[in-house]
Amino acid sequence: MRSTDTAHRKRRRIRRLATGVILALALMPLFAAFEAHVVNVRAHIENALHVDPAEVDFGIVFPQEQLSEEFSVRLSDSFMGQ
């Protein structure tokens, strides 16, 4: 009588585990969609920086080679006007 009782408990335990796994797998896409909605942050900064010159061309640069060029970076007038 104990062996059938133990087998019944095992089956019930396996059934609960399987139900939990199926439920977790079913709810995972819903959680991911909710998380994406909550974390979706947008920022729009237009012309925040003014860099002069716009490009610094060093050509081919080899490892451990050190090159320097002067350039200026400042906040743009349109950004400061906001």
Discussion item. List pairs: first residue in segment 69-80 and β-branched (Val, Ile, Thr), second residue assigned to a strand (DSSP E or B) anywhere in the structure, Cβ distance under 8 angstrom, at least six positions apart or on different chains.
Written reply: 73/49; 73/50; 73/51
Worksheet entry | Every pair of residues 6+ apart whose Cβ atoms lie under 9 Å, when the first sits in segment 41-68 and is surrounded by 10 or more Cβ atoms within 10 Å (Cβ to Cβ) while the second is modelled with pLDDT under 85 and part of a loop (DSSP other than H, G, I, E, B) | 47/76; 48/76; 49/76; 50/76
Response to the item:
Inside segment 69-79, the number of residues satisfying the requirement of being loosely packed, with under 10 Cβ neighbours inside 10 Å and under 31 Å from the mean Cα position of the chain (by Cα) is 1
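The values are calculated or read from the model by the stated rules, or taken from the named source; none is laboratory data. None of the values given here were measured: they were computed from a predicted structure. Every residue, glycine among them, receives a Cβ derived from its backbone with ideal geometry; neighbour counts consider all protein chains shown.
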